[in-house]
Amino acid sequence: MKIKEIQDYIPQAQQYYSDVEDYYRSLSFEEAVQNAAQAIIPSGIKSCSTSKTAFASHQRRVGKKKCKEGAEKLLTHPFWSELENAKSFEDIFRVTEKVKAQTERLGDLWSYDTAQRIALHKGWYPNEVYLQSGAKDGAKSLVKEGHVKSLVLKGKRHVKREHFPDILKELKPYLIENILCVGKREGWFINSKL
């Protein structure tokens, strides 16, 4: 595991989530739900402005049209009522999972990212590490390298952070998820030694 690269990346990831949280807290709840589902994020780190936004590039496979369809569903009954009554990230995630199940081509990444952005409006974060797309691939790389037991991940959508190597398990679950995704892409977990 490339510990220095991970340590160098952590402040950048923390700044990104801080900027996204600031942006989502600046919106009404309805705007936050709409924008979250449509993969709208602030376009610049360190200068979070509601007038400078962009479509999250990692949702390109889903596409703007499908994301908009997901947003429209979240704003209808019963999903809207469930979102209004949510008390945690996990409550919001259950709602986005229901919409995902009813909408062709909305996948696990859309469900997680949407729930995360909506929850940021409330200042809520996940209590466990959610595995989808790149994060799931990153976790599998750690299994191959012998840093995570395969049984821990088998068939799981989310796992406790205690199952990850020390450098990761000290972090908040949302940061672990991000590092798993980026680390897989950057090769931080290949031929790694702890």
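Points worth noting:
- The residues in segment 57-88 that are among the hydrophobic types (A, V, I, L, M, F, W, C), more than 16 Å from Arg105 (Cα to Cα) and in a helix (DSSP H, G or I) can be counted, and the count is 3.
- Residues of segment 56-86 satisfying the condition of being modelled with pLDDT of 95 or more and either under 28 Å from Pro11 (Cα atoms) or touching a strand residue (DSSP E or B) at 6+ places or on another chain (Cβ under 7 Å) (or both): Lys64
- Any chance Ala37 is surrounded by 13 or more Cβ atoms within 10 Å (Cβ to Cβ) and touching a Phe, Trp or Tyr at 6+ places or on another chain (Cβ under 6 Å): no
Residues are listed down the side, and each one gets a yes or a no for (1) touching a residue at least 24 places away in the same chain (Cβ under 8 Å); (2) charged (D, E, K, R):
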| position | (1), (2) |
| --- | --- |
| Ile10 | yes, no |
| Ala36 | yes, no |
| Val62 | yes, no |
| Leu74 | yes, no |
| Phe79 | no, no |
| Leu83 | yes, no |
| Asp91 | no, yes |
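- Selection status of Tyr9, under 15 Å from the mean Cα position of the chain (by Cα) and not in a loop (DSSP other than H, G, I, E, B): no
- One residue from Glu186, Glu162, Glu177, Glu145 being farther than 19 Å from Phe93 by Cβ and at pLDDT 95 or above: Glu162
- Members of segment 21-34 that are over 20 Å from Asn85 (Cβ atoms) and free of Cβ contacts under 8 Å to residues at least 60 places away in the same chain: Asp22, Tyr23, Ser26
- Index of the failed condition, Val62 passing every other in (1) touching a Gly at 6+ places or on another chain (Cβ under 8 Å); (2) crowded, with 22+ Cβ neighbours inside 10 Å: (2)
- Counted as qualifying within segment 89-172 are the helices (runs of 4 or more DSSP H) with 1 or more residues that are aliphatic (A, V, I, L, M), in contact with a helix residue (DSSP H, G or I) (Cβ under 9 Å, 6 or more places away or on another chain) and surrounded by 22 or more Cβ atoms within 10 Å (Cβ to Cβ), namely 89-102, 108-122, 133-144, 166-169.
- Any chance Ala71 is within 18 Å of the chain's Cα centre (by Cα) and over 16 Å from Cys181 (Cβ atoms): yes
The values are calculated or read from the model by the stated rules, or taken from the named source; none is laboratory data. Being a predicted model, the structure only gives us computed values, none of them experimental. Don't worry about glycine lacking a Cβ; one is built from the backbone with ideal geometry, like all the others, and counts go over all protein chains shown.
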